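Comments concern the structure below.
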Amino acid sequence: MSMPDAAQKPEAGVATPPVHVAIIMDGNGRWAAARGLPRREGHRRGVEALRNVVKAAGELGVRYLTIYSFSAENWSRPADEIEDLMGLLKRFVRNDLADLHKNDVRVRIIGERANLKPDIHALLSEAEELTKNNSGQTLVVAFNYGAQQEIAQAAKKLAEEVASGKLAAAEIDAAKLAAHLHTKDIPDPDLIIRTSGEQRLSNFLLWQAAYAEFVFVPTHWPDFDKAALQAAIDEFHKRERRFGGLDAKARA
């Protein structure tokens, strides 16, 4: 996997890229079905697309790229499909981790690990440990992740602090809850992209997406490439981000 040394700075006169782009990678199965191929082939081609998009994000100056690789709800899929997905995860880490590390990419994993099989748990920990001191692009992998579960666990931790006397209930605010999320030291996404035409978040970064811009594209994930990423970023630049305030015309 060939990657840039770090997220590159934009050239003079070029619009500043979003700091953090998050992607819901959807449509592997539909891509395969449209071609009369098994779902596992769609997932395999989806991993190839991921390699290309990680590289493209770095070339376009995106500092943080978050990918929704496996949701907490995905465990309800057929056992053979889950086995295929786990196999692809293992191969991706084993084949690409060295290149990611060499190119100063830090890998972060968000999601629950308590009930994962030991080999998967060890693989995720290895990726984080090897790259923890890298300072270039950050690749955030949402694995066994669910936003509702994440928020509920943060609330539980706050309740425990109140019960133990470490925190007064009146002191709880948005910042304190955010400090207990998996993403506590990661900036909120500026842009969230979902492929394959669906227009929902599917329990992904619900808290962090409060002021993100959304771009939904019809392209199935295996066909998503640098040009598609650039097009989504171009659409992002057309938006006026007001964060709850008035737009320029209204202020005039």
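Nothing in this text is a laboratory measurement; each read-out follows from the coordinates by a stated rule. This one's a predicted model, so the numbers in the text were calculated from it and none came from an experiment. Neighbour counts run over all protein chains shown; Cβ positions are idealised from the backbone, glycine included.
Annotations
- Ascending count of other beta-carbon atoms within 10 Å, so fewest first, for Trp75, Trp31: Trp75, Trp31
- Packing here is the average count of other Cβ atoms within 10 Å per residue, and on that basis the peptides 163-171, 208-216, highest first, run 208-216, 163-171.
- Normalised convex hull volume, the range 187-240, alpha-carbon set, Å³ per residue: 89 Å³
- Full-stretch length increase - Glu59, Trp75 - with 0.36 nm per residue and alpha-carbon distance subtracted: 2.4 nm
- Computed from the alpha carbon positions, the gyration tensor of the range 115-233 leads to an equivalent ellipsoid with semi-axes of 30, 20, 14 Å, biggest first.
- Estimated inter-spin distance, Gln199 and Asp225, nm [label 7 Å along Cα→Cβ]: 2.7 nm
- Straight-line cross-link reach from Lys157 at under 30 Å between alpha-carbon atoms covers these lysines, not counting any fewer than eight positions away in the same chain: Lys117, Lys132, Lys166, Lys176, Lys184.
- Residues Met86, Met25, ranked from the fewest to the most other C-beta atoms within 10 Å, line up as Met86, Met25.
- Panel order for His237, His220, by other beta carbons found within 10 Å of each beta carbon, from fewest to most: His237, His220.
- Estimated dipole of the range 97-252 in Debye, rounded to 20 [Cβ of Lys and Arg +1, of Asp and Glu -1, Cα centre]: 340 debye
- Per residue, the Cα convex hull of the range 52-188 amounts to 132 Å³.
- Net charge over other residues, Cβ less than 14 angstrom from the Cβ of Leu130 (K, R count +1; D, E count -1): -1
- For the range 116-185, the gyration tensor built on C-alpha atoms gives a prolate shape. Its axis ratio a/c (a ≥ b ≥ c) is at least 1.5, and a/b is the larger of a/b and b/c.
- Rg/Rh, computed from the Cα trace of the chain with Rh as the Kirkwood radius, has the value 0.98.
- Here the relative contact order of the chain, from alpha carbon pairs under 8 Å that lie six or more residues apart, stands at 27 percent.
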